[in-house]
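The values are calculated or read from the model by the stated rules, or taken from the named source; none is laboratory data. Just so it is clear, the model here is predicted, and its values are computed rather than measured. Here the Cβ positions follow ideal geometry from the backbone for every residue, glycine too, while neighbour counts run over all protein chains shown. Remember, those area values only see protein heavy atoms, side chains included, never the ligands or the DNA or RNA. Shrake-Rupley method; radii C 1.70, N 1.55, O 1.52, S 1.80 Å.
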Amino acid sequence: MNKKLHIKKGDLVKVLTGDSRGSEGKVLTVDGQKYRAIVEGVNKISKHTKPNAKNTNGGIVEQEASIHLSNLMLIEPASGTPTRVGRKLDEKSNKLVRISKKSGEVIK
């Protein structure tokens, strides 16, 4: 299933709703099947782990949980403001590129 997503790995995003509302972070992974992403420093959970080879003591580990893509908004790289994302056909390469709805500039 090949969905066109408005957010990609490496993008800087702002959280719109939930406990982490207002916080910003870099997208670490995107799951197109579940329509969710893991964002650095956002939606932290405490995971209880058993002792294993990597972590001999076990204990409670804090890590990021996934967040739904509808709760994320892309931050424009040039101005640093949140923006909606559109798509436009690039004349040179004849491919669809992401554009900022606020400024109209192409998002890399």
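Summary table below
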item	result
Cross-chain or 6+ apart pairs with Cβ under 6 Å, region 9-26 first and in contact (Cβ under 8 Å) with a residue 60 or more places away in the chain and open to solvent by 70 Å² or more (accessible area, probe 1.4 Å), then in a strand (DSSP E or B) and not acidic (Asp, Glu)	12/26; 12/75
Flag if residue 80 is in a loop (DSSP other than H, G, I, E, B) and either of a type outside the set (Lys, Arg) or surrounded by fewer than 13 Cβ atoms within 10 Å (Cβ to Cβ) (or both)	yes
Filtered residue count, region 37-70, keeping only those that are out of contact with any Gly (no Cβ under 9 Å at 6 or more places or on another chain), open to solvent by 80 Å² or more (accessible area, probe 1.4 Å) and either touching a residue at least 12 places away in the same chain (Cβ under 8 Å) or of a type in the set (A, V, I, L, M) (or both)	5
Tally, over region 88-99, of residues that are under 24 Å from residue 30 (Cα atoms) and surrounded by fewer than 13 Cβ atoms within 10 Å (Cβ to Cβ)	4
